[in-house]
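Down below is the structure, laid out as structure tokens.
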Amino acid sequence: MTLAVLLGAMLGLAALGVPLVFALLGASLTTLLLFRPGVPLEVMPQFFVGGMDNFALLAIALFFLAGELMGAAGVTERILGFARAMVGHIRGGLAQVGIVSSFVMAGISGSAVADAAAVGSVLIRSMRRAGYPAGFAAALIETASILGPIIPPSIPMIVYAVLAGASVGSMFLAGIVPGVLIALGLGLVAYWRAGQLALPREPRATLPTRLRETGRASAALLAPVIIVGGIRGGAFTATEAGGIAALYVLLIGVLVYRGLSLGGLWRALVQAAQGTASVLVILGASSIFAWIIADQGVSRAFAAAITGLDASRPVVLLLLNLLFFAIGMFLDPIAALIILVPIFLPLVQGLGIDLVQFGVITVLNLMIGLCTPPVGYLIYMTASMAEVSPTTVIRESLPFLAVLIAVLLLVTYVPAVTLALPRIVTGR
């Protein structure tokens, strides 16, 4: 009953258009007043602040800043130029450019929304001018942008690692192979759809052009290597990596590309602060929500219910995927992580599922939710950029979503997809 009121109040408030943070707070307050009247309400601000009071979460602010600086410093244009020179001549060339650009940008920002904004704001217009259907262009950018939280660094994976006590470095490494598979799969679908739609190809770039564009983008291309290599090599922590990423992008923006003005720096700082604040207040509100769930023994109840089904491990994983997928269609990924991880962590540990693999399963599910109705933020964001209806974007994205779901199933049922690289690097 408690859980029904808690979730029902939160979803009801969200459906009425109440911002998510206030929906979470309102649902938590209602539940405490109804079922735990003896609990002093002072616990709410305590848990709210405590949910944000974790040094590892500083990485979120720093990676947000790195992503914003990337756009302000002209890094995006260099990456797009590099991708165009390398894959623009393939069938559906500009679509392939979008995928490669999203893959490279993912190695700096760690955010799907930031990647969609950076790549989409430039490339969707170019695709439309070249004769690409606007809905196809939006759907391509929408689905490719989820590479941001899969390819390291990843803001959702940092949050998961903090909640589950997993290694941030291992989480980052675990996302590389699934990210590569997603990029290849999206590229194949784009190639197929380009043939169906008779989309134009870009001229094949000459070797001097490729070398020139690689040189122009080389400083940006080094950023992911520095970030991931430094973390795994023990040179710095994930939080320090965020600071190094932001400083690195700032330096190449000022000294190498010379495209970062004082006005651009100020806008990047403001936008990074806004993005960070939006994530952290959700984390704070979700901490109260998660405490109520833990206090009511929901984790034990779920574990007992699933154990009572006497289901095999593959069936349990399927049930978890279906549940996470459904929740991802309605909830913000960060809020969903804070709610889901404490509930299901004891269950997956009891089943012997690796915490790193479970983390990638959870994050990928919730990222797919950003591309699915009714709440999928990326649908509306890219539809607005392409000036088409969200329905058109949803329809065009179906083949791309099939790729994401196929990779999700691989991650779920083939542990080596996520665990092989961390084990090779760590030697365990």
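The values are calculated or read from the model by the stated rules, or taken from the named source; none is laboratory data. Quick caveat, the model's predicted, so the values are computed rather than measured. Positions of Cβ are backbone-derived with ideal geometry, glycine not excepted, and every protein chain shown enters the neighbour counts. When the accessible area is computed, the model is the full protein with side chains, heavy atoms only, and any ligands, DNA or RNA have been set aside. Shrake-Rupley method; radii C 1.70, N 1.55, O 1.52, S 1.80 Å.
Things worth noting here:
- Neighbours of Gln96, meaning other residues whose beta-carbon lies under 12 angstrom from its beta-carbon, give a summed charge of +3 when Lys and Arg score +1 and Asp and Glu score -1.
- Heavy-atom surface of region 333-428, accessible at 1.4 Å and reported per residue (Å²): 35
- Segments 283-295, 245-257, 211-223 sorted - mean Cβ within 10 Å per residue, highest first: 283-295, 245-257, 211-223
- Only helices reaching 20 angstrom along their own axis (Cα) with mean Kyte-Doolittle hydropathy no lower than -0.5 count here, and for the DSSP H runs of the chain these are 20-35, 58-72, 93-109, 112-129, 176-197, 207-232, 262-295, 313-328, 333-350, 355-369, 390-413.
- Residue-averaged [θ]222 nm for the chain, counting only DSSP H segments that reach four residues, each worth -39500 (n - 2.57): -26000 deg cm²/dmol
- With kT/(6 pi eta Rh) evaluated at 25 °C and eta = 0.890 mPa s, and Rh the Kirkwood radius from Cα pairs, region 4-151 diffuses with a coefficient of 136 µm²/s according to Stokes-Einstein.
- Of the accessible area of the chain, computed with a 1.4 Å probe over protein heavy atoms only, carbon and sulfur atoms account for 69 percent.
- Accessible area (Å², 1.4 Å probe, nearest 10) - Glu202: 40
- Rounded to the nearest 20 debye, dipole of the chain from Cβ charges on Lys, Arg, Asp, Glu: 1240
- Positive-end ranking of Val5, Phe358, Ser286 along the dipole of the chain, with charges on Cβ about the Cα centre, is headed by Phe358.
- Rounded, prolate or oblate (a/c below 1.5 giving rounded, otherwise prolate when a/b exceeds b/c) for region 243-283 by Cα gyration tensor: oblate
- Residue ranges 132-143, 365-376, 17-28 sort as 132-143, 365-376, 17-28 when ordered by packing (mean number of other C-beta atoms within 10 Å per residue, highest first).
- For region 1-90, the solvent-accessible area of protein heavy atoms averages 46 Å² per residue (probe radius 1.4 Å; ligands and nucleic acids excluded).
- Rounded to 0.05, the FRET efficiency of the Thr2 and Ser312 pair, given R0 = 30 Å and the Cβ-Cβ distance, is 0.50.
- Student exercise, region 141-294 dipole from Lys, Arg, Asp, Glu Cβ charges, in Debye to nearest 20: 500
- For the chain, the Kirkwood estimate of hydrodynamic radius, built from reciprocal distances between every pair of different alpha carbons, is 22.1 Å.
- Burial ranking of peptide ranges 274-280, 78-84 (average Cβ count within 10 Å, highest at the top): 78-84, 274-280
- One compactness figure for region 153-291 is 1.36, namely its Cα radius of gyration divided by 2.2 N^0.38 Å.
- Think of a 1.4 Å ball rolled over the protein heavy atoms: region 125-189 then has 23 Å² of accessible area per residue.
- Within-15-Å neighbourhood charge of Ala117 [Cβ basis; K, R +1; D, E -1]: -2
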